[in-house]
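See structure below.
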Amino acid sequence: MQLDLFAPDEPPEPDPSQPRIHLSSADTAPPRPERAAVTPALTAARRKRTRTRGLSPTHLALDVAEKVAPTWHRNRIDSLMEVPVGVVAVLSLLRQTDDGPDLTGHLLTFGPQELLDHYRRVWGLLWISRPELVEWAHPLRGWLDEEEQSAKRLAAVHAVTRAALETGLLELTADADPSWRSEADVLGFLVTELRSRGAREALGQVHTPPDMCDLMVRMTLSVEDLPEGAWLGEPTAGTGGLVRAAAQYLRETGRDPRAYVWAMNDLDPISSACCAVNAVVWDLGRRVLISCTDTLHEGDGTERALAERTAVFARRNELIGRAQTIAATYEAVAEVEDLISRGPGPAKAS
């Protein structure tokens with residue numbers, strides 16, 4: 001088992017002078033007559049892969065959402081949809097290693113308290129390398145900060161975990177290949193399934209089908225006009241459906257999504273938190289900006305996200321520096337205590 005973590009060094013800064021393109025805007029860079037060819041080997045490999053019960057990635061993601069949602073409703077003790085979405089989110093951060101035990105089977109052996117402790121460790125480890133994403137994902141992990149968790153909530157978390165794993169979640173999210181993990185937005189389906197129709201209408205949320213996202217990207221995005229470092233943004237991102245499609249399209253045309261800046265914003269805190277998790281699942285790289293704001297009344301939240309990102313990394317470096325100092329102090333104290341325990345050495349002959 002491993003986490004999809006990056007080295008805890010300083011991330012590259014987004015270059016504000018690079019072109020900025022909104023993926024859903026009508027004035028996005030126009031397509032050229034000669035489109036970039038999709039890599040045949042990649043698409044052929046994707047077509048050959050099959051999922052649980054022969055389902056397509058989209059149908060398997062929907063199946064996971066349709067199993068998790070009623071499981072939560074049957075076992076829940078409150079209306080916090082952050083809990084089931086947070087469980088699926090943290091599970092999505094785990095990767096299956098080639099030489100390791102079956103990850104799904106291993107996690108299914110965990111008891112309720114073991115799962116809770118494990119989820120806390122996962123977020124803690126991710127904070128070391130991606131503190132900004134962990135901060136932006138707070139709505140999905142904040143409930144884990146509560147010291148006392150009721151037995152009913154622990155049971156509900158355990159039930160949701162089993163439902164997600166047994167339905168095949170990790171077949172969508174645990175593969176080492178990011179193009180494999182980017183074929184579906186599980187969190188998008190789950191948020192839609194858990195949220196009432198009235199709540200979705202109040203937030204103006206419409207879950208764009210994955211096929212439609214793929215089509216929109218291919219109709220509006222011209223990869224030939226995208227230099228590395230360009231900003232790809234979505235001011236009404238939801239959980240990132242268009243971003244997922246754009247990242248896949250870049251891979252299929254021989255480009256690396258990690259070479260671009262991804263800016264995602266949504267009015268809904270849970271959706272924007274899902275964007276932060278999906279940035280890891282879809283391997284969007286180190287230059288990711290997530291904001292939660294009303295773009296119609298407050299403008300683009302990208303500048304705020306840039307400032308938050310800088311502050312979070314400064315805080316991370318400060319805390320790691322303190323931890324290193326404390327560790328060095330303990331090591332020095334241990335050496336002194338070891339010398340004292342040995343007592344004085346043999347007296348030298350005169």
- Message: Run through the stretch 48-134 and list the trypsin sites (Lys or Arg not before Pro) located in a DSSP loop whose Cβ has at most 15 other Cβ atoms within 10 Å.
- Response: ARG49
- Within the stretch 101-164, which GluC sites (Glu not before Pro) sit in a loop by DSSP and count at most 11 neighbouring Cβ atoms inside 10 Å? GLU146, GLU147, GLU148
- Once both label points are put 7 Å beyond Cα along the C-beta direction, the GLU114-GLU337 separation in nm becomes 3.2
- Share of carbon and sulfur in the accessible heavy-atom surface of the stretch 220-272 [1.4 Å probe, %]: 52
- Query: Using a 1.4 Å probe, how large is the accessible area of GLU303, given in Å² and rounded to the nearest 10?
  - Reply: 110
- Which far-off residues, 5 or more places away or on another chain, put their amide H under 5 Å from the one on ALA263, with H placed in the peptide plane? LEU232, GLY233, GLU234, LEU289
- Message: Apply the Karplus curve 6.51 cos²θ - 1.76 cosθ + 1.60, θ = phi - 60°, to the phi angles in the stretch 163-173 and return the couplings in whole Hz, x for Gly and Pro.
- Response: 4, 5, 5, 5, 7, x, 3, 5, 5, 8, 10
- Arranged from highest to lowest average of other beta-carbon atoms within 10 Å per residue, in what order do the peptides 329-335, 309-315, 283-289 appear? 283-289, 309-315, 329-335
- Kindly provide the pair-distance distribution of the stretch 274-325 built from C-alpha pairs, with 5 Å bins from 0 and whole-percent values in order of increasing distance. 4, 17, 17, 20, 19, 12, 6, 2, 1, 0
- Length-normalised contact order of the stretch 107-262, Cα under 8 Å, at least 6 apart, in percent, tallies to 20
- Return one whole number: the accessible area per residue of the stretch 280-331 in Å², for a 1.4 Å probe. 54
- The FRET efficiency for LEU80 and ALA176, from their Cβ-Cβ distance with R0 = 30 Å and rounded to 0.05, is 0.40
- Note on the structure: Fraction of alpha-carbon pairs in the stretch 229-350 farther than 17 Å apart, rounded to whole percent, equals 67
- How much accessible area does LEU339 have with a 1.4 Å probe, in Å² rounded to the nearest 10? 110
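The values are calculated or read from the model by the stated rules, or taken from the named source; none is laboratory data. The structure displayed is predicted, hence computed values, not measured ones. FYI the Cβ positions are ideal-geometry reconstructions off the backbone, even for glycines, and counts take in every protein chain you see. Just the protein is used for accessible areas: all its heavy atoms, side chains included, with ligands, DNA and RNA removed. Shrake-Rupley method; radii C 1.70, N 1.55, O 1.52, S 1.80 Å.
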